[in-house]
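The block underneath contains the structure these notes are about, expressed in structure tokens.
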Amino acid sequence: MSNYAYRSSRSHRPNNRRSNRGGRGGNYKQKIDINRFIKSATVVEEGEYKSVNSFSDFNLHSSLQQAITKKGFTQPSPIQDQAIPYVLEGRDIVGIATTGTGKTAAFLLPLINKLLADPRQQVLIMAPTRELALQIQDEFKEFTPGMRLYSTLCIGGTPIHRQINDLRRNPHVVIGTPGRLKDLIERRVLKLHQTKSVVLDEVDRMVDMGFINDLKVILSELPKDRQSLFLTATVPSSVEMIMHSFLRDPVTIKVKTGETADNIEQNIIRVNGGNKIDKLHQLLETEELEKVLVFGETKRGVENLARTLNEKGVSAVSIHGNKSQGQRQRALAQFRSNQASVLVATDVAARGLDITDITHVINYDTPQTYNDYVHRIGRAGRAGKPGSALTFVG
């Protein structure tokens with residue numbers, strides 16, 4: 001275990017009635033045993049998983065194979081290896097995988113292949129956060145250069161009238177968050193009768209954020225003859241209910257081995273009545289903490305923490321629900337490009353951030369639930385790289 005981890009002496013939609021909360025409504029906060037925040041990382045030898053298929057085995061369109069090669073993909077990840085053949089067959093899928101395992105490509109590649117075979121189809125992809133929806137669209141564009149396949153992004157915080165105009169052009173793929181999609185359906189702009197495939201990415205987070213009624217409305221608008229793909233990191237009873245209602249004889253693919261990724265070192269920082277911000281500042285000066293995602297509980301707290309860190313000489317930016325979409329994207333761009341070494345965020349960032357070189361996640365405020373903890377720390381250790389998670393307690 002790293003030495004710095006022991007330096008404790010230094011070291012519906014979200015409820016509007018709690019508008020300062022970062023990403024969850026209601027007053028419930030789960031009591032979590034702090035021992036669940038402590039776990040040594042396990043070194044997983046490269047090549048431990050042997051792919052059954054190569055990308056060339058999937059019989060994908062030649063232009064799609066070229067795009068895969070250009071992106072530098074060699075062997076499929078476990079979720080890609082196991083899911084792609086079933087999606088190509090038209091089967092419904094439940095994919096259970098920890099974050100950072102390549103599941104976006106696991107559904108995009110076979111669905112793009114279907115669109116190349118029959119461009120009259122439409123695909124609907126739902127994600128819990130704007131950031132994740134944006135990343136799905138970016139990956140879709142990377143896979144489809146010159147293919148004359150078009151997507152529309154339907155998320156909050158951006159002009160709805162532009163999205164309405166885009167939808168009137170009948171895009172092949174609609175990517176969005178549940179609230180905005182439901183709004184567009186109610187305006188009779190988004191019509192789903194041609195939708196042959198639907199993807200719910202991070203479905204557990206969508207349910208957790210209070211979108212379950214929106215999901216039911218959207219899914220009820222879809223034709224019964226469709227292919228449905230549900231991707232999730234956890235399967236609480238509320239997610240099981242949706243799956244049983246809307247999936248037909250699904251294939252379940254599970255590639256996660258535990259509650260949290262094995263390659264993430266987890267430990268606690270005891271505050272013991274000390275100055276919490278000073279302890280955080282001292283940690284951030286540690287050489288190992290190169291690129292750090294810090295989670296706070298409230299929008300106001302996150303904003304104040306980022307400002308204080310900057311005053312102490314730490315280059316920090318923040319994202320939370322009160323930021324405009326443009327502000328959130330600028331902050332993420334600064335963090336990705338290393339103009340800022342610290343991103344302070346509410347749980348709006350617990351899903352959807354695919355930044356491969358985050359070295360550490362710090363829970364400055366403990367999460368609402370253990371599931372939230374799992375999603376937060378999954379931002380480190382992306383694509384099998386080692387990562388660390390530290391949680392302030394006491």
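Summary of values
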read-out	value
Close pairs (7 angstrom Cβ cut-off, 6 or more residues apart or separate chains): more than 20 Å from Gln80 (Cα to Cα) in region 211-236, in a helix (DSSP H, G or I) and open to solvent by 30 Å² or more (accessible area, probe 1.4 Å) anywhere	Ile212/Ser238; Asp214/Lys182; Val217/Lys182; Ile218/Lys182; Leu219/Phe246
Count - residues of region 325-344 that are open to solvent by 50 Å² or more (accessible area, probe 1.4 Å) and touching a helix residue (DSSP H, G or I) at 6+ places or on another chain (Cβ under 9 Å)	2
Meets criteria (out of contact with any helix residue (DSSP H, G or I) (no Cβ under 9 Å at 6 or more places or on another chain), open to solvent by 30 Å² or more (accessible area, probe 1.4 Å) and within 29 Å of Gly381 (Cβ to Cβ)) for Asp208	no
Count of residues meeting criterion [open to solvent by 40 Å² or more (accessible area, probe 1.4 Å), of a type outside the set (Asp, Glu) and over 22 Å from Gly157 (Cα atoms)] in region 297-324	6
Qualifying residue in region 260-267 (condition: of a type in the set (Ser, Thr, Tyr), in contact with a helix residue (DSSP H, G or I) (Cβ under 8 Å, 6 or more places away or on another chain), buried (at least 16 other Cβ atoms within 10 Å of the Cβ) and modelled with pLDDT of 95 or more)	no
Restricting region 105-164 to residues that are touching a strand residue (DSSP E or B) at 6+ places or on another chain (Cβ under 8 Å) and among the basic types (Lys, Arg), the residue that is surrounded by the most Cβ atoms within 10 Å (Cβ to Cβ)	Lys114
Conditions (1) closer than 24 Å to Ile112 by Cα; (2) modelled with pLDDT under 95: number failed by Pro171	(2)
Leu229 vs. criteria modelled with pLDDT under 95, under 22 Å from the mean Cα position of the chain (by Cα) and surrounded by 15 or more Cβ atoms within 10 Å (Cβ to Cβ)	no
Any chance Asn338 is under 21 Å from Arg205 (Cα atoms), part of a loop (DSSP other than H, G, I, E, B) and either at pLDDT 90 or above or of a type outside the set (Val, Ile, Thr) (or both)	no
Residue count for region 358-381, restricted to those that are closer than 21 Å to Ala316 by Cα and part of a helix (DSSP H, G or I)	2
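Yes or no, residue by residue, for (1) closer than 27 Å to Ala97 by Cβ; (2) modelled with pLDDT of 85 or more:
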residue	(1), (2)
Val314	no, yes
Gln325	no, no
Gly352	yes, no
Asp357	yes, yes
Ile362	yes, yes
His375	yes, no
Gly378	yes, no
Ser388	yes, yes
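The values are calculated or read from the model by the stated rules, or taken from the named source; none is laboratory data. Just so we're clear, the structure is a prediction, and the values are computed from it rather than from any experiment. Virtual Cβ from ideal backbone geometry, glycine too; neighbours counted across all protein chains shown. Remember, those area values only see protein heavy atoms, side chains included, never the ligands or the DNA or RNA. Shrake-Rupley method; radii C 1.70, N 1.55, O 1.52, S 1.80 Å.
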